[in-house]
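Values in this text are rule-based calculations from the coordinates and carry no lab data. Nothing here was measured: the structure is a model prediction, and the numbers come from that model. Note: ideal-geometry Cβ built from the backbone for every residue, glycine included; neighbour counts use all protein chains shown.
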Amino acid sequence: MTEAGSFPEQPEPFAVTSVDSGDWWCQISLAGELDIATGPQLRQAVADALGRGRRHVAIDAGRLSFIDSGGLVALLTARNEVTAAGGSLRLTDTSAQVTRVLEMAGLADELCDHRR
């Protein structure tokens, strides 16, 4: 229960930023919660990167505070689209909470870059 006059901490709003690196790479940074409502924004950022000729995508998940099954679907869909274009997609800097969800889903080894 919260004290009178105080409010529970609000989650960081979802944000996607994209920066091209070289001729083939794109770094997409995520912040906030990745779920069924925000997944389309990630998929659009990946589609835009592919449209600019980027074939390899690194997703910085360091500020991602939450992921659910809808977010996992968005990641897998994005990975499949990048792979179909002849590229690769990896998650970097995942938080302990996000890593745990990925591990529970059996996707941590498949999606995460463990070479920090």
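Worth a mention:
- Scattering from the stretch 15-111 was approximated by placing one identical point on each alpha carbon and applying the Debye formula without solvent; log10 I(q)/I(0) at 0.10, 0.11, 0.12 1/Å stands at -0.22, -0.26, -0.31.
- Most mobile listed residue (Ala31, Ala58, Ala85) in the chain, GNM with C-alpha springs under 10 Å: Ala85
- Rounded to whole Hz, the Karplus (6.51, -1.76, 1.60) HN-Hα couplings of the stretch 24-38, x for glycine and proline: 10, 9, 9, 9, 10, 9, 10, 9, x, 10, 9, 8, 4, 6, 9
- For the stretch 29-109, applying the loop criterion from DSSP together with a ceiling of 12 other beta carbons within 10 Å to the trypsin sites (Lys or Arg not before Pro) yields Arg52.
- Label-to-label distance, Asp68 versus Ala15, with points set 7 angstrom from Cα along the beta-carbon direction: 2.3 nm.
- Over the chain, DSSP H runs of length four or greater, each weighted -39,500 (n - 2.57), average out per residue to a 222 nm ellipticity of -11000 deg cm²/dmol.
- Among Val57, Val98, the order by Cβ neighbours within 10 angstrom, fewest to most, reads Val98, Val57.
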